Amino acid sequence: MSEVRRVRVPIDGRSYDVLVGYGAAELLGTLLPVTAKRAAIVTQADVPVQISANIPHETFQIGIGEQYKSLETIGELCRSFARMGLTRNDVVIGVGGGMVTDVAGFAAASYHRGVPVVHVATTLLGMVDAAIGGKTGVNLPEGKNLVGAFWQPSGVVCDLDALDTLPDREIRCGYGEMAKYHFLTGDDLLALDLTARVARCVQIKAEIVASDERESGRRAILNYGHTLAHAIETATEHRYAHGEAVAIGLIFAAHLANVLGRIPVERVDQHFAVVGEEYALGVDLPAGVDPNQLLDLMRRDKKALDGLTFVLDGPHGVESVTGVDDGSVLDALSRMAS
């Protein structure tokens, strides 16, 4: 086993470790609660990673595809937990990408009003974002992640060996989420090797989550690029994967910040350089999607507490901006289309 980095997520009274490195899954047992006598493993049929829980366990597979990120799936899992006799002192282990950890985390938060959960992230997107920070949830037909809970894991494993099994599209999705960290700090992430880069992304997120666990303030900056991204996912019926949509959302956010006079065009160009050139991600709006439909979907975003709300770059860095007018949003979308 090569070096495994340990990143602490310092939540008051509920801190936990994230293990990052090749072979990190071998250390899963060190993260399980000492009270756990049984484990419910939640995963999918296409997840190639095998884990050893070292305690009696049952495995439950959820469906593949966003249509299974639903309240129906949560109900099925909770009934399965009940049939196996899972207790509040046991543990749920989510093994998979962001969808699996979102669903497993929400099921764990809901069953018996809270069962410990440990995540084994098997995708790059899951490692740098979804599995960290305690946000869980499922979709409704009206939008992404509209039902969920804040439920911090007891630990997270990011075994980089899992990335060797991923198709190129899954890696690109992870790059879309990773790209946002370039704009949250001044770090030169591209100068780091993969272990160090993933660990640094986790560290950045951990520090932000610790300062604002329930997203009442600063944590909102982790949604940079996500407002349009969620709208694109819904408008295209999830033909665009999350990381692909976030990449487009980052470019839109830069255009919108420029329209509002928050950043110069040179900063917009920097977004193109990181997203489109360094990570070679798509930066164009989906063909045939109506800008007015995207605008309507963005109104439903969870962050829209005071009119249209976006996380935008600016002279003081990335921050939440409320009360953005429709015209500016449509202008930024028009610039992307052209």
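The values are calculated or read from the model by the stated rules, or taken from the named source; none is laboratory data. No experiment lies behind these values; they were computed from the predicted model shown. Methodologically, a virtual Cβ is constructed for each residue, glycine included, from the backbone with ideal geometry; neighbour enumeration extends over all protein chains shown.
Residues satisfying the criterion are absent from region 140-159 (criterion: within 21 Å of Glu237 (Cα to Cα), small (Gly, Ala, Ser) and without any contact (Cβ under 8 Å) to a residue 40 or more places away in the chain).
Within region 19-46, residues that are of a type in the set (D, E, K, R) sit with their Cβ atoms under 8 Å from residues that are crowded, with 23+ Cβ neighbours inside 10 Å, at 6+ positions apart or across chains, in these pairs: Lys37/Asp90; Arg38/Leu86; Arg38/Asp90; Arg38/Val91. Selection of region 299-318 for residues being modelled with pLDDT under 95 and not in a loop (DSSP other than H, G, I, E, B) yields Arg299, Leu308, Thr309.
Scanning region 70-83 for any residue that is loosely packed, with under 14 Cβ neighbours inside 10 Å and at positive phi turns up nothing.
Of all the listed residues (Ala109, Ala45, Ala39), the sole one being under 23 Å from Leu124 (Cα atoms) and in the same structural domain as Gln152 (by TED's automatic domain parsing) is Ala45.
Screening region 118-168 for strands (runs of 3 or more DSSP E) wholly inside it with 1 or more residues that are within 24 Å of Glu72 (Cα to Cα) and over 11 Å from the mean Cα position of the chain (by Cα) returns the ranges 135-140, 143-150.
Entry remark, region 206-227: residues being in contact with an Asp or Glu (Cβ under 7 Å, 6 or more places away or on another chain) and among the basic types (Lys, Arg) number 2 in total. Hey, any hits in region 112-127 for a residue that's in contact with an Asp or Glu (Cβ under 6 Å, 6 or more places away or on another chain), crowded, with 24+ Cβ neighbours inside 10 Å and among the β-branched types (Val, Ile, Thr)? The answer is yes, given that some residue of region 112-127 is in contact with an Asp or Glu (Cβ under 6 Å, 6 or more places away or on another chain), crowded, with 24+ Cβ neighbours inside 10 Å and among the β-branched types (Val, Ile, Thr).
Candidates in region 47-69 are the residues that are more than 23 Å from Arg239 (Cα to Cα), within 24 Å of the chain's Cα centre (by Cα) and of a type in the set (Val, Ile, Thr); of these, the one that is surrounded by the most Cβ atoms within 10 Å (Cβ to Cβ) is Ile51.
Would you check if Ala108 is among the small types (Gly, Ala, Ser), buried (at least 24 other Cβ atoms within 10 Å of the Cβ) and touching a residue at least 24 places away in the same chain (Cβ under 8 Å)? Taking the combined requirement at face value, the residue satisfies it.
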